[in-house]
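For reference, the structure is listed below as structure tokens.
Taken together, the values in this text are just the output of simple stated rules run on the coordinates, not laboratory data. The shown structure was predicted, so the numbers you read here are calculated from the model rather than taken from an experiment. Here the Cβ positions follow ideal geometry from the backbone for every residue, glycine too, while neighbour counts run over all protein chains shown.
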Amino acid sequence: MSDNQASLIAGGKTIDMPVNSGTIGPDVIDIRKLYAQTGMFTYDPGFTSTASCDSAITYIDGDEGVLLHRGYPIGQLAEHSSFMEVSYLLLNSELPSEQELADFSRTITRHTMLHEQLATFYRGFRRDAHPMAIMCGVVGALSAFYHDSTDIADPVHRKISSHRLIAKMPTIAAMAYKYSVGQPFVYPDNKLSYTGNFLKMTFGVPAEEYEVVPAVEKAMDRIFTLHADHEQNASTSTVRLAGSSGANPFACIAAGIACLWGPAHGGANEAALNMLKEIGTPDKIQHYIDRAKDKNDPFRLMGFGHRVYKNYDPRATVMQTTVREVFAALNVQDPLFETALRLEEIALSDPYFAEKKLFPNVDFYSGIILSAIGFPTTMFTVLFALARTVGWVAQWNEMISDPGQKIGRPRQLYTGPTSRDYVPIESR
Ligand code: CMC
């Protein structure tokens, strides 16, 4: 903590407030006593200048395009690590030893099965239900099945529920897919890796032997790694806010899933591919660029722009490389990739995007890979939710373990009517 002070002149008084420093990144002005001292609140809709918590998990420098998990750059993790190892790192602060990783992977694997009765939940949904709707419902319902891990004051309960959430998410996601295509659910196969198992549960059928394609498994695992955590974004803040009231972790993660679904957040990967399909061929790009720049047109380039990154999203760089690897491994081509590359090129040379510092984000290329692997667009955000669960759980655990943790309770600038007397209906 620094001993710097910031001063604010408000209501005729000068208020000194401490300035706190983290290990890297912007300092923060600690305004916690502001209301008591001045009777005023700060006003920051959308939290563009607000740090909502201390956290030691993930660091983003949006101007430089840097993303670190526990200090390790995302590029290095994507290249050398695995989703299981990054999950361990996010939850436990340090990279695991070989033994620790083996034990962690075994623990997660042991929890992959779902209570059999949960299968009946799926049958309550319409066949054409969006899988994110199913995810919100089924994950929220886990708290009704796993009562033995919902005491959030008990660190052992928190650990078990965290492992359960990470382990069961692929099973839940694959079942949502199977339900939508009318195929039987495929049980987990604990001989396989976390990601290989997910692929088998999604694309395997009981009638045939399913072979995991190593290149696809690697690409999928990398996509999970790239989505594992991203600091205090909308869904993570939702998880923290829900958790701050003492709600159980399954309910909190269901809240995060609901928030992630929006097209400005996790839903952007589905929207980005739909947009590329709508654009179709490179000759139509300029028309869509013009629409994105038109203030009277609600159209935005999906997969472009970010609240924090004012530079190339480092995850998008890895995604672009991964597209090529998957295409080579599966021996496929997708003309939409050419459209995407050309769209990026045209947008980045346009002053509108340059001035506003709008670059491709993680969602711009991910849909092309997922589509090549065989996922329908409606599953894209589900995959994001699956991977982000570890980040949500790590952030939730960090918050609950903090002895000074308080319920999150923002205030407001009230703009409604002032006090007035009730008017009986016959006199209105
Ligand atoms: N296309 C065209 N214009 C854009 C875009 C875009 N994709 N993104 C931002 N702008 C413009 C926006 O109109 C605004 O212009 P002005 O200052 O003239 O009003 C300016 O850039 C700043 O945008 P903003 O909406 O105030 O910025 P924000 O930080 O509130 O929003 C965002 C960030 C990600 C919601 C936004 O860039 C966006 O809607 N992008 C498209 C959706 C998307 O790809 N989302 C995924 C984000 S990464 C994954 C994740 O977090 O889940």
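Can you tell me the relative contact order of the stretch 1-49? Whole percent, Cα pairs under 8 Å, sequence separation 6 or more.
27 percent
At each listed q (0.11, 0.23 Å⁻¹), what is the log10 of I(q)/I(0) that the Debye formula gives for the stretch 24-119 modelled as equal alpha-carbon point scatterers?
With no solvent term, the Cα-only Debye profile gives -0.57, -1.19.
Based only on Cα atoms, what mean projected area does the convex hull of the stretch 120-257 have, in nm²?
That works out to 9.3 nm², a quarter of the Cα hull's surface.
Order 52-61, 162-171 from most to least packed using the mean count of other Cβ atoms within 10 Å.
Output ranking for 52-61, 162-171: 162-171, 52-61.
Which length gain, in nm to one decimal place, applies between Thr281 and Gln117 when the Cα-Cα distance is subtracted from 0.36 nm times their residue separation?
Taking Thr281 through Gln117 to full extension adds about 54.3 nm, to one decimal.
Check Val66: other-chain or 5+ apart residues with amide H under 5 Å from its amide H, H built from backbone geometry?
Asp61
Return the FRET efficiency for the residue pair Phe145, Tyr352: r is the Cβ-Cβ distance, R0 is 35 Å, and the value is rounded to the nearest 0.05.
Step by step, r from the Cβ atoms, then E = 0.10.
Can you tell me, using C-alpha contacts under 8 Å and at least 6 residues apart, the relative contact order of the chain as a whole percent?
That works out to 19 percent.
For Arg307 paired with Arg110, estimate the spin-label separation in nm (one decimal), with each label point 7 Å from Cα along the Cα-to-Cβ line.
3.8 nm
Calculate the all-directions average of the projected area of the stretch 14-53's alpha-carbon convex hull, and give it in nm².
Projected over every direction and averaged, the Cα hull of the stretch 14-53 covers 3.3 nm².
When we measure straight from the Cα of Lys295, which aspartates and glutamates land under 18 angstrom away, once same-chain ones fewer than 8 places off are left out?
Answer for Lys295, where 18 Å is the Cα cut-off: Asp350, Glu355, listed by chain and number.
With an 8 Å cut-off on Cα pairs and a minimum separation of 6 or more residues, tell me the relative contact order of the stretch 207-320 in percent.
After rounding, I find 17 percent.
Which ³J(HN,Hα) values in Hz, rounded to whole numbers, follow from the phi angles of the stretch 322-338 under the Karplus curve 6.51 cos²θ - 1.76 cosθ + 1.60, where θ = phi - 60° and Gly and Pro get x?
5, 4, 4, 4, 5, 4, 5, 5, 8, 6, 10, 10, 9, x, 5, 5, 4
For the stretch 74-113, what is the per residue volume of the convex hull drawn over the alpha-carbon atoms, in cubic angstrom?
Convex hull of Cα atoms, per residue: 70 Å³.
How far is it, in nm, from the label point at Asp154 to the one at Phe41 when both lie 7 Å from their Cα along the line to the Cβ?
3.8 nm
For the pairs Lys277/Lys357; Lys218/Lys284; Lys13/Lys33; Lys159/Lys200; Lys168/Lys200; Lys200/Lys277, note any where the Cα-Cα span goes beyond 23 Å.
In this structure, Lys277/Lys357; Lys218/Lys284; Lys159/Lys200; Lys200/Lys277 exceed 23 Å between Cα atoms.
What are the ³J(HN,Hα) couplings of the stretch 179-185, residue after residue, when phi is run through the Karplus curve with 6.51, -1.76, 1.60 and θ = phi - 60°? Round to Hz, x for glycine and proline.
Result, ordered by residue: 4, 5, 9, x, 9, x, 5 Hz.
Which residues' amide hydrogens lie under 5 Å from the amide hydrogen of Arg300, considering only partners 5 or more residues apart or on another chain, with H built in the peptide plane?
HN-HN under 5 Å from Arg300: empty list.
Taking 20 °C and 1.002 mPa s as the conditions, I'd like the Stokes-Einstein D for the stretch 348-428 in µm²/s, using the Kirkwood hydrodynamic radius from alpha carbon pairs.
Translational diffusion coefficient: 113 µm²/s.
Skipping prolines and chain starts, which residues have an amide H placed within reach, meaning under 5 Å, of the one on Gly267, given they are 5 or more residues away or on another chain?
Amide H to amide H, under 5 Å and 5 or more residues apart or across chains, Gly267 pairs with Gly262.
From the phi of every residue in the stretch 309-320, what ³J(HN,Hα) in whole Hz does the Karplus formula 6.51 cos²θ - 1.76 cosθ + 1.60 yield, where θ is phi - 60° and glycine or proline is x?
After applying 6.51 cos²θ - 1.76 cosθ + 1.60, I find 6, 10, 8, 4, 5, x, 6, 5, 4, 5, 4, 4 Hz.
Arrange the peptides 332-341, 416-425 so that the one whose residues have, on average, the most other Cβ atoms within 10 Å appears first.
In decreasing order of mean packing, 332-341, 416-425 become 332-341, 416-425.
Thinking of the stretch 271-374 as a set of Cα atoms, what percent of all their pairs are more than 18 Å apart?
Tail fraction, whole percent: 45.
Over the Cα atoms of the chain, compute the convex hull volume and normalise it per residue, giving Å³.
Hull volume over Cα atoms, normalised by residue count, gives 207 Å³.
Once Rh for the stretch 72-154 is found with the Kirkwood sum over Cα pairs, what is the Stokes-Einstein diffusion coefficient at 25 °C and 0.890 mPa s, in µm²/s?
156 µm²/s
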